[in-house]
1. Sort 186-196, 224-234 by packing, meaning the average of other beta carbons within 10 Å per residue, with the highest value first.
2. Specify the longest stretch of the chain that does not include any exposed loop site, a site being one of the GluC sites (Glu not before Pro) with a non-H, G, I, E, B DSSP assignment and at most 14 other Cβ atoms within 10 Å.
3. How big is Rg to Rh over region 211-347, alpha-carbon atoms, Rh as the Kirkwood inverse-mean-distance radius?
4. Non-local amide H neighbours of Glu208 (under 5 Å, H modeled in plane, Pro and chain starts lacking H): which ones?
5. Mind listing the phi-derived Karplus ³J(HN,Hα) values for region 7-14, rounded to whole Hz, using 6.51, -1.76 and 1.60 with θ = phi - 60°, and x for any glycine or proline?
6. Please report, to one decimal in angstroms, the Kirkwood hydrodynamic radius of region 209-261 built from all distinct Cα-Cα pairs.
7. Treating only the Cβ atoms of Lys and Arg (+1) and Asp and Glu (-1) as charged, compute the dipole magnitude of region 5-172 about its Cα centre; round to the nearest 20 debye.
8. Report, in deg cm²/dmol and to the nearest 500, the calculated mean residue ellipticity at 222 nm for the chain, where each DSSP H run with n ≥ 4 adds -39500 (n - 2.57) and the sum is divided by the residue count.
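Just so it is clear, none of the values below were taken in a lab; they were calculated from the coordinates. All values reported here derive from a predicted model rather than from experimental measurement. Cβ sites come from the backbone with ideal geometry, for glycine too, and all protein chains shown count toward neighbours.
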Amino acid sequence: MKYDILILRFGEVTLKGKNRTRFENTALSHVRRLVAAFPEVEVRKEYGRIYVELNGVDADQVVTRLQNVFGINSICLVKRAQSVLEHIQAVALEFMHEVMENHGQDTVIPFKVSARRVWKGFPHGSQEMNHLIGTPILRTFPALKVNVNQPVVDLRIEIRQDGTYIYHEVVQAVGGFPLGSNGKAMLLLSGGIDSPVAGWSALRRGLEIECVHFHSYPFTSERAQQKVLDLAKVLAGFAGKIKVHMVPFTEIQTRFTQVGHDNLIITLMRRSMLRIATKLAEQHRAMALVTGDSLGQVASQTLGSMNVIGKATDIPLLRPLVMMDKNEIIDISMKIGTYDLSILPFEDCCTLFVPKSPATNPNLRIVEQIEAHIEGLDALIDEAVKHTETVVLRDEIDVESGQEDESVTADLKSNEPTTKVIEDSWF
């Protein structure tokens, strides 16, 4: 079916009161970036909605992109008629011909008309329009039976002064808050299933994210690093651009194997990761850390372990998956396209040197004493930060449209001279 307009409806943004305009404008910018590859498409915003004028562009291509706009809850695919009764009836009838082709003519289909007169200058009220539109349609299609409570086809008629919008199909979008509207955080990204889902969840809640990955080359292969970058590339498809900070962790990890407390290696390792990520967050003006912890899933994710590990940082530590079970996390990873990458058999540093019996309830005082007696640990952490390399991943849509994100470009210029920035060009 050929549509004229897409109507994008906001979700939680509508609860934002005086700040609502800022959130809506952020989503509007995201929409404009995604449709920039279609020069015919026009975008405009009214209070509570974004209108996308297709001007002949195939709706499916545009909808596929706009479904991933955070802050947008649904997308209505609309045909437009003149706000004249006879024209509305004609377009509605034509519209239903196309709808019925998809449903078949022989099956009984519950049906209703939901008319709404926004323009009060129109001579017929909403209830009257339900009958004026529905009657000729019911006469034309005997398979349609009125069911106002559970219709399969709910034909919506929205009468405005500039035109009448007719639609039936509503596509669910990702929802949440607009991209970057709630600040920036650093995502600790491994090659597993959980952390990419945590990153997507953070994006959906309005956070801009940068990724921090810890590698232990040569104990971990270059292919393991590439796997992580591929996962970040998927997240870039939602965010437009993602920076991945690749942290060399080999010396720190090796040092922990020499302290004689094998059961605490995971605890020590994760605390150092948080310290490094916190320093990177300070450099890049991020206000929180995000991890893929899920309560009770592994030894480091018991309540006792998470408490001790979390004490290593003084900035907010966000765990969006903490109350999800593994099946819920896997379902989301399949939906967002990270699952097949996550299960590839390439080890990351978190799977190395794992003790047979890791501590599930470590003692904070003992852990801090061990760290205090590891000679040069603070210097090793500083060296890891100093030799971090940053890879910038761009979404293919940004590449197609030739757009640059000025905020990210400016951020790169502010990095310390020791940070190596690599522009990655996979697309």
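1. 186-196, 224-234
2. Result for the longest clean stretch: 41-374.
3. When Rh is taken as the Kirkwood radius, the ratio is 0.95.
4. Those lying under 5 Å, H to H, from Glu208 are Gly180, Asn182, Gly183, Lys184, Ala185.
5. Once θ is set to phi - 60°, the couplings for region 7-14 become 9, 9, 9, 7, x, 5, 4, 5 Hz.
6. After inverting the pairwise mean of 1/r, the radius is 12.4 Å.
7. Computed about the Cα centre, the dipole is about 900 debye.
8. Mean residue ellipticity at 222 nm (helix-derived): -12000 deg cm²/dmol.
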